[in-house]
Amino acid sequence: MDVTAIIESLNDAQRQAVSAPARSMLILAGAGSGKTRVLVHRIAWLIKIEHISPHNILAVTFTNKAAKEMRGRVEDLLQISARSMWIGTFHGLAHRLLRQHSKEAKLPDTFQVIDSDDQLRLIKRLMKVLNIDDKKWPPKQVVWFINAQKDEGLRAKDIHEESDDIYQQTMLQIYRGYEELCARSGLVDFAELLLKAYETLADNADLLAFYRSRFKHVHVDEFQDTNTIQYAWLRLLTEGQDNLFVVGDDDQSIYGWRGAKIENMFNFQKHYPNHLMIRLEQNYRSTGNILKASNALIACNEGRMGKELRTDDSDGDLISLYSAFNEQDEAYFVVERIRKWVAEGRLRSDVAILYRSNAQSRQFEERLMATGTPYRVYGGLRFFDRMEIKNALAYLFLMAHKGNDAAFERIINTPTRGVGAKTLDDIRRLAKEKQITLWQAMIELMKAGHFTPRAENALKGFVQLINGLAEQAKDLELYEQVKNAIEKSGLIEFHKKEKGDKGEARVENLEELVNAARQFDYEEENEENQSELDLFLAHAALESGDAQADDFEDCVQLMTLHSAKGLEFPLVFMVGLEEGLFPSQQSVDDIARLEEERRLCYVGMTRAMKLLYISYAESRRLYGKENHPRPSRFLKEIPAEQLQEIRLRASVSKLVRPKKAAKRAAIGTSGRYRLGQRVRHEKFGEGVVLQVDGEGSQERVQVNFAAAGMKWLMLSYAKLEVL
Ligand code: ATP
Ligand code: MG
């Protein structure tokens with residue numbers, strides 16, 4: 001093994017960074033310029049050329065996946081095992097440190113890490129004990145407060161209590177109680193991992209000295225997204241050592257909303273005055289057109305550190321812009337392009353669909369599933385597996401089938417309605433004893449006057465709610481039933497009160513469920529004369545679970561723009577470029593947030609290597625509402641020379657543009673239907689034909705009904721009358 005393997009595949013600036021004498025370094029460079037590659041090769045250089053032991057190297061990356069890849073790439077380059085190298089995420093490394101030094105950390109050696117759901121449950125319990133009204137002080141907001149303090153390195157005792165600030169006083173009271181509770185029971189939440197790891201080093205001089213001498217070289221990828229406590233931890237480890245090697249791109253800072261501090265990049269320059277800064281200006285990832293377009297977009301932001309990016313690659317194809325008629329048409333278009341790509345012999349795993357909000361995934365999932373295209377949703381659950389969706393479905397289940405015990409268990413106290421563990425235990429016991437359903441057991445115990453007045457009241461409310469939903473459902477369309485259930489159950493209210501983006505996303509998902517019900521093809525699925533609701537529930541159950549591709553299967557990648565950071569794909573679809581969605585509604589009036597959205601758009605575009613498709617819908621039913629959004633302002637910031645508008649021959653979008661007469665071409669194999677053909681359906685009334693696909697008995701038609709909206713109908717079932 002010689003030096004050349006480490007150096008030969010690098011350009012001059014990259015070589016300079018990789019082979020520099022030990023000192024602090026900042027690699028500031030745009031997307032796809034080889035920052036991560038430099039970091040990997042730097043580590044290989046240190047081990048192979050500088051004879052540094054892997055044991056002396058620390059590397060922090062953004063995800064476990066990235067960490068695994070980094071270790072693998074170092075091992076490939078060196079043909080040795082790099083097992084003893086500390087490489088991982090901030091949380092993972094903090095955990096490792098605390099496990100090894102639980103005594104110094106003043107933690108029981110059996111301490112447990114709790115996730116955010118556990119944390120929330122704990123806070124709720126504590127608030128009850130402290131007699132703090134969780135209506136007035138939503139527990140989610142408390143969690144948000146506590147984690148934000150920890151991210152800033154602040155314990156309750158460090159915060160000055162303002163005598164006239166009742167909000168702060170209440171939060172601090174809970175924070176103190178929570179700290180005691182966690183200490184007593186040996187529990188450590190995610191934010192605590194970082195803070196505790198920092199304190200453990202700060203308070204134990206010997207330990208700190210040990211790690212300072214152990215980690216002779218410290219490396220950080222995606223440095224622009226570190227928060228205060230993470231940076232403080234890095235500084236502690238490297239103080240007086242001048243051995244911190246960070247790579248980052250201020251233009252890709254996208255976690256400000258979660259406490260990431262772009263200022264850390266400026267602070268680094270102050271705190272490590274001896275550092276060497278290297279800029280990488282050549283992009284190796286994307287074609288000329290993709291790069292020009294991304295550069296033009298990000299140039300609209302102010303206060304950048306300033307970077308140039310060029311490529312030797314050819315211009316490549318123009319960026320394709322597709323204006324979809326609606327969100328279904330968008331999914332249809334994207335999936336058809338993917339099928340074409342695959343039919344040409346290329347890999348599905350080379351394709352990514354990137355969206356702003358998790359709720360958008362459903363349209364694509366359904367279309368991918370309908371065409372039998374394997375896919376995987378990254379970093380996030382598939383739509384029908386999400387907690388809030390399962391809760392909502394459980395209401396629908398229970399209202400239709402009172403004997404569904406799983407649904408009963410799921411929602412009897414969700415949202416919280418004061419049904420305690422004891423009450424629930426009594427119900428379970430009787431059900432088991434008598435072999436009856438939980439619902440029946442509950443009714444019997446109520447009749448027998450078994451419960452305390454408080455529990456009795458809570459259960460009465462629950463029974464009325466479920467019976468009421470069932471009664472009202474008789475006069476409601478399927479989607480109205482769903483809407484009714486998520487509203488009356490209090491689920492919407494419950495998630496609206498949650499602070500932060502998570503609650504928001506859950507509300508959006510719930511509203512998207514209404515949309516799913518509205519679009520549900522009753523005709524297509526009905527075989528056994530089941531009720532429409534039952535068919536819908538079965539459909540939901542089937543769509544969750546194992547339809548997702550296996551690990552080894554070649555599959556299309558679906559993920560939010562946030563989780564696409566650092567990755568690259570030959571073919572990228574960036575979808576939903578609409579005002580109010582991307583940029584998000586909350587950001588449009590706030591310059592700082594808007595700029596973060598623009599950086600997110602830059603991240604998305606720069607994931608693409610060869611082909612980039614951008615799409616938006618002229619009408620979108622999202623979060624349960626029909627919108628006619630304007631195209632995203634980001635589209636106007638991309639130079640027209642880099643864009644080509646895609647027009648499909650039978651594009652439905654032509655229908656809604658009155659100036660251009662729709663081409664009345666026959667579509668579909670039967671030739672029976674024309675684009676714009678007026679038809680009548682027994683149940684849905686009059687509508688207009690938009691698309692036909694499938695063949696023979698599988699032929700189906702999409703109709704926009706004046707009253708009932710968009711529907712896909714199987715031609716072999718649907719009784720359509722041509723007008
Ligand atoms: P991001 O900002 O998105 O994280 P990055 O700056 O970390 O991007 P890398 O992922 O390291 O960029 O590199 C982008 C692509 O360019 C990778 O496929 C990498 O292998 C390739 N690459 C980087 N440098 C070179 C080079 N000198 N010669 C050939 N290919 C290179
Ligand atoms: Mg990278």
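The values are calculated or read from the model by the stated rules, or taken from the named source; none is laboratory data. Only a predicted model underlies this, so the values are computations on that prediction, with no experimental measurement involved. Every residue, glycine among them, receives a Cβ derived from its backbone with ideal geometry; neighbour counts consider all protein chains shown. Just so you know, the surface numbers come from the protein's heavy atoms only, side chains and all, with ligands and any DNA or RNA stripped out. Shrake-Rupley method; radii C 1.70, N 1.55, O 1.52, S 1.80 Å.
Screening the candidates Lys150, Lys216, Lys157 for the property of being more than 16 Å from ligand 1 (Cβ to nearest atom), within 32 Å of the chain's Cα centre (by Cα) and of a type outside the set (A, V, I, L, M, F, W, C) yields one hit, Lys150. Out of curiosity, is Ala470 modelled with pLDDT under 90, open to solvent by 20 Å² or more (accessible area, probe 1.4 Å) and either in contact with a helix residue (DSSP H, G or I) (Cβ under 6 Å, 6 or more places away or on another chain) or not aromatic (Phe, Trp, Tyr) (or both)? So Ala470 does not fit the description; no.
Taking the stretch 214-323 as the region of interest, the helices (runs of 4 or more DSSP H) fully inside it that hold 1 or more residues being within 27 Å of Leu97 (Cα to Cα) and open to solvent by 40 Å² or more (accessible area, probe 1.4 Å) are 228-238, 263-271.
Of the residues that sit in the stretch 118-157 and are basic (Lys, Arg) and in a helix (DSSP H, G or I), which one is farthest from Lys502 (Cα to Cα)? Only one residue tops the list, namely Lys157.
Just one of Asp521, Asp546 is surrounded by fewer than 20 Cβ atoms within 10 Å (Cβ to Cβ), in contact with a Lys or Arg (Cβ under 9 Å, 6 or more places away or on another chain), within 28 Å of Ile338 (Cα to Cα) and modelled with pLDDT under 75; which is it?
Result: Asp521 is the single residue among Asp521, Asp546 that is surrounded by fewer than 20 Cβ atoms within 10 Å (Cβ to Cβ), in contact with a Lys or Arg (Cβ under 9 Å, 6 or more places away or on another chain), within 28 Å of Ile338 (Cα to Cα) and modelled with pLDDT under 75.
Taken together, the criteria place Ile353 among residues that are outside the structural domain of Asn227 (by TED's automatic domain parsing), under 16 Å from Leu571 (Cβ atoms) and either of a type outside the set (Phe, Trp, Tyr) or open to solvent by 10 Å² or more (accessible area, probe 1.4 Å) (or both). Looking across the stretch 565-587 at every residue that is out of contact with any strand residue (DSSP E or B) (no Cβ under 9 Å at 6 or more places or on another chain) and open to solvent by 10 Å² or more (accessible area, probe 1.4 Å), the one that is farthest from ligand 1 (Cβ to nearest atom) is identified as Gln585.
In this structure, does Leu195 turn out to be away from ligand 2 (no atom under 16 Å from the Cβ), open to solvent by less than 10 Å² (accessible area, probe 1.4 Å), closer than 17 Å to Met25 by Cβ and modelled with pLDDT of 95 or more? So Leu195 does not fit the description; no. Figure legend. Inter-residue proximity from the stretch 448-466: first residues part of a loop (DSSP other than H, G, I, E, B), second residues open to solvent by less than 90 Å² (accessible area, probe 1.4 Å), beta-carbon distance below 7 Å, spacing 6+ or different chains. Indicated pairs: His450/Asp426; Phe451/Thr423; Phe451/Leu445; Phe451/Leu459. Taking the stretch 561-591 as the range and being within 16 Å of ligand 2 (Cβ to nearest atom) and of a type in the set (Asp, Glu) as the test, only Glu568 passes. For the stretch 20-56, filtered to residues that are more than 16 Å from ligand 2 (Cβ to nearest atom) and among the charged types (D, E, K, R), the residue that is farthest from Asp242 (Cα to Cα) is Lys48. Here Gln141 clears all of (1) modelled with pLDDT of 90 or more; (2) of a type in the set (S, T, N, Q); (3) over 28 Å from the mean Cα position of the chain (by Cα) except the condition numbered (3). Scanning the stretch 10-31 for residues that are open to solvent by less than 10 Å² (accessible area, probe 1.4 Å) and either near ligand 1 (Cβ under 8 Å from one of its atoms) or part of a strand (DSSP E or B) (or both) gives Gln14, Met25, Leu26, Ile27, Leu28, Ala29, Gly30, Ala31.
Results for (1) modelled with pLDDT under 90; (2) assigned to a loop (DSSP other than H, G, I, E, B); (3) within 14 Å of ligand 1 (Cβ to nearest atom), shown as yes or no for each residue.
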| site | (1), (2), (3) |
| --- | --- |
| Leu39 | no, no, yes |
| Arg42 | no, no, yes |
| Ile52 | no, yes, no |
| Phe62 | yes, yes, yes |
| Lys68 | yes, no, no |
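Kindly evaluate Met369 against the criterion of being buried (at least 16 other Cβ atoms within 10 Å of the Cβ) and among the hydrophobic types (A, V, I, L, M, F, W, C). Yes. In the condition set (1) surrounded by 16 or more Cβ atoms within 10 Å (Cβ to Cβ); (2) over 27 Å from Ser349 (Cα atoms); (3) touching a residue at least 12 places away in the same chain (Cβ under 8 Å), Arg630 is compliant with all but (1). Say whether the condition of being out of contact with any Lys or Arg (no Cβ under 6 Å at 6 or more places or on another chain) and more than 18 Å from Arg285 (Cα to Cα) is met by at least one residue in the stretch 27-41. Scanning the stretch 27-41 turns up no residue that is out of contact with any Lys or Arg (no Cβ under 6 Å at 6 or more places or on another chain) and more than 18 Å from Arg285 (Cα to Cα).
Looking at Glu162, Glu199, can you tell me which residue is in a helix (DSSP H, G or I) and not hydrophobic (A, V, I, L, M, F, W, C)?
Result of the check over Glu162, Glu199: Glu199.
The residues listed here are Ala359, Ala407, Ala448, Ala421; of these, the one that is buried (at least 17 other Cβ atoms within 10 Å of the Cβ), outside the structural domain of Leu622 (by TED's automatic domain parsing) and among the small types (Gly, Ala, Ser) is Ala407. Of all residues in the stretch 366-408, those satisfying the criterion of being among the small types (Gly, Ala, Ser) and part of a loop (DSSP other than H, G, I, E, B) are Gly372, Gly379, Gly380, Gly403.
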